[in-house]
Amino acid sequence: MRPICAMCGRPTAPFVMIGNEAIGPKCARKAGFTGKTTKGSRVRYVGRAPTKPKGPQTLDLFEDQDL
């Protein structure tokens, strides 16, 4: 289950957490959250996990055969 954006009410991948409330990336941009926090602020920017590098999706069926 995805968290619900506190501003628009849609399921979202959180970009900013304000206390326990999640804010999505589009709503955060509209609200002016730029990525800078001050010490002691309740605004916390959620870090994104690095994506795994994608390997080849298919393998050769006849790898050892020359045409």
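The values are calculated or read from the model by the stated rules, or taken from the named source; none is laboratory data. It should be emphasised that the depicted structure is a prediction, and the values quoted were computed from it without experimental measurement. Cβ: placed from backbone, ideal geometry, glycine included. Neighbour counts: every protein chain shown.
Below, the figures for the structure above:
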item	result
Residues that are surrounded by fewer than 10 Cβ atoms within 10 Å (Cβ to Cβ), over 21 Å from Ile4 (Cα atoms) and among the hydroxyl-bearing types (Ser, Thr, Tyr), drawn from the range 15-66	Thr38, Ser41, Thr51, Thr58
Pair list, Cβ under 6 Å, 6 or more apart: the range 14-28 residue in a strand (DSSP E or B), other residue aromatic (Phe, Trp, Tyr) and surrounded by fewer than 17 Cβ atoms within 10 Å (Cβ to Cβ)	Val16/Tyr45
Output for the range 1-31, where each listed residue is under 17 Å from Arg42 (Cβ atoms), touching a Pro at 6+ places or on another chain (Cβ under 7 Å) and among the aliphatic types (A, V, I, L, M)	Ala22, Ile23
Lone qualifier among Gly9, Gly35, Gly47 - being assigned to a loop (DSSP other than H, G, I, E, B), under 18 Å from the mean Cα position of the chain (by Cα) and modelled with pLDDT of 90 or more	Gly9
